[in-house]
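Contents: one structure, followed by commentary.
The values are calculated or read from the model by the stated rules, or taken from the named source; none is laboratory data. These numbers were taken from a predicted model, which means no experiment stands behind them. Using ideal geometry, Cβ is built from the backbone for each residue, glycine included, and neighbour counts are taken over all protein chains shown.
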């Protein structure tokens, strides 16, 4: 009798322990994503400060054709419901008239709380998944920075936290931004692009250095994927950004796009505090659908990784793309007519609802992976965070292309 009771208690303890570890993970990653850097920070030693005059401090620069962007293969297979395919060849525009400045999400597996300035495979992979394709419409700038690492987040999961410094990460990005403005911008229009931790840092940079200042005139848009930018309830301007409205029309410039994607049939729980949630009374999370800026449901032009591991969080691998299975020889897959999105408000959350439109008798998969899984358990409050950018990539490129056209016409 005692043994049976002890076994049940032991099993309950294991379950409670697993739940606690997941709670630690959510709390830790939420802090890295959503909290701003502290107002005061210990100054860095001069030898520790990255030198952004050195090309080695950048993942992507237009004057480095063999950098992470230049080496990236962006070719895609267009896979239709009947199983037929066409290869789409990617070409960057060497004469792109505007710039894009990108801050990547939490990917570093360095052992400390903050990443080194060494380029690892994880940084190269996230450039491939989230940013290199922007070369079709802009010159690409992506600084390395000493971000809060996956190791720090995993340590929190284990209940053995290690020190990490969000201020260090922010200061690096600000230093890179200042260098870019002083040495590379030359009055050009620029798009700010971020995801997850990168979006949090960019949001703070815009608050401190762009919003309401002279340089705001050069901002085409601020794209914050996997983040919860706050606006007053029912408004498009105010809240986190005082002078930068949300993008609501094709070709609108000087605006912000913010979204966090969830499966339409699996919205965030009413008490979820992370993506899509309000940060306080009178505020709500902004949601702008890159596929339909004015609102409504619209097809997504997704570029999904054909075989590469998604680098923003743990999760399942994509199964076969076709039935019967056949090899996909390009790094990306487009799935026309399979996915659509619309901004929805449910409970106290605003989020980008992703709907799958299956073709039951088709030869293309009707299953898309992208949920966050930690310790073998899906975290429903994270939605499709792993593929926020992949889902909307083609739509975002179209948005930037239209903005550049408007900007250049106005400038002329």
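Residue 171 meets the conditions (1) farther than 19 Å from residue 350 by Cβ; (2) in contact with a strand residue (DSSP E or B) (Cβ under 8 Å, 6 or more places away or on another chain); (3) crowded, with 18+ Cβ neighbours inside 10 Å in every case but one. The failed one is (2).
For (1) touching a helix residue (DSSP H, G or I) at 6+ places or on another chain (Cβ under 9 Å); (2) under 20 Å from residue 304 (Cα atoms); (3) in contact (Cβ under 8 Å) with a residue 12 or more places away in the chain, each residue gets a yes or a no:
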position	(1), (2), (3)
341	yes, yes, yes
352	yes, yes, yes
361	no, no, no
368	yes, yes, yes
375	yes, no, yes
389	yes, yes, yes
398	no, yes, yes
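Taking the conditions (1) free of Cβ contacts under 8 Å to residues at least 60 places away in the same chain; (2) surrounded by fewer than 20 Cβ atoms within 10 Å (Cβ to Cβ); (3) under 30 Å from residue 406 (Cβ atoms); (4) touching a strand residue (DSSP E or B) at 6+ places or on another chain (Cβ under 9 Å) in turn, residue 301 satisfies each one other than (1). If you go through region 96-111 and keep only what is surrounded by fewer than 17 Cβ atoms within 10 Å (Cβ to Cβ) and either closer than 20 Å to residue 396 by Cβ or modelled with pLDDT of 95 or more (or both), you end up with just 97.
Would you confirm whether any residue within region 168-177 is over 28 Å from residue 398 (Cβ atoms), assigned to a loop (DSSP other than H, G, I, E, B) and free of Cβ contacts under 8 Å to residues at least 40 places away in the same chain? Even if it seems obvious, please write down each step before you answer.
Of the residues in region 168-177, the ones over 28 Å from residue 398 (Cβ atoms) are 168-172, 174-175.
Narrowing further to those that are assigned to a loop (DSSP other than H, G, I, E, B): none.
For region 168-177, residues over 28 Å from residue 398 (Cβ atoms), assigned to a loop (DSSP other than H, G, I, E, B) and free of Cβ contacts under 8 Å to residues at least 40 places away in the same chain: absent.
Restricting attention to region 121-144, does a residue exist that is assigned to a loop (DSSP other than H, G, I, E, B), over 14 Å from the mean Cα position of the chain (by Cα) and more than 17 Å from residue 63 (Cα to Cα)? Looking through region 121-144, none of the residues is assigned to a loop (DSSP other than H, G, I, E, B), over 14 Å from the mean Cα position of the chain (by Cα) and more than 17 Å from residue 63 (Cα to Cα).
Against the definition (within 22 Å of the chain's Cα centre (by Cα) and within 17 Å of residue 286 (Cα to Cα)), how does residue 199 come out, yes or no? Step through it out loud before you land on a result.
Details: within 22 Å of the chain's Cα centre (by Cα): yes; within 17 Å of residue 286 (Cα to Cα): yes.
So residue 199 fits the description; yes.
Against the criterion of being assigned to a strand (DSSP E or B) and buried (at least 17 other Cβ atoms within 10 Å of the Cβ), residue 272 does not qualify. Can you name every residue in region 63-80 that is outside any strand (DSSP E or B) and surrounded by fewer than 19 Cβ atoms within 10 Å (Cβ to Cβ)? 63, 64, 65, 66, 70, 71, 73, 75, 80, listed by residue number.
Listed here are the strands (runs of 3 or more DSSP E) enclosed by region 322-385 that have at least 1 residues being at pLDDT 95 or above and over 22 Å from residue 297 (Cα atoms): 332-334.
Considering only region 123-152, how many residues are over 25 Å from residue 395 (Cα atoms) and surrounded by fewer than 23 Cβ atoms within 10 Å (Cβ to Cβ)?
Initial filter on region 123-152 (over 25 Å from residue 395 (Cα atoms)): 144-152.
Those left that are additionally surrounded by fewer than 23 Cβ atoms within 10 Å (Cβ to Cβ): 150-151.
Residues flagged as over 25 Å from residue 395 (Cα atoms) and surrounded by fewer than 23 Cβ atoms within 10 Å (Cβ to Cβ) within region 123-152 amount to 2.
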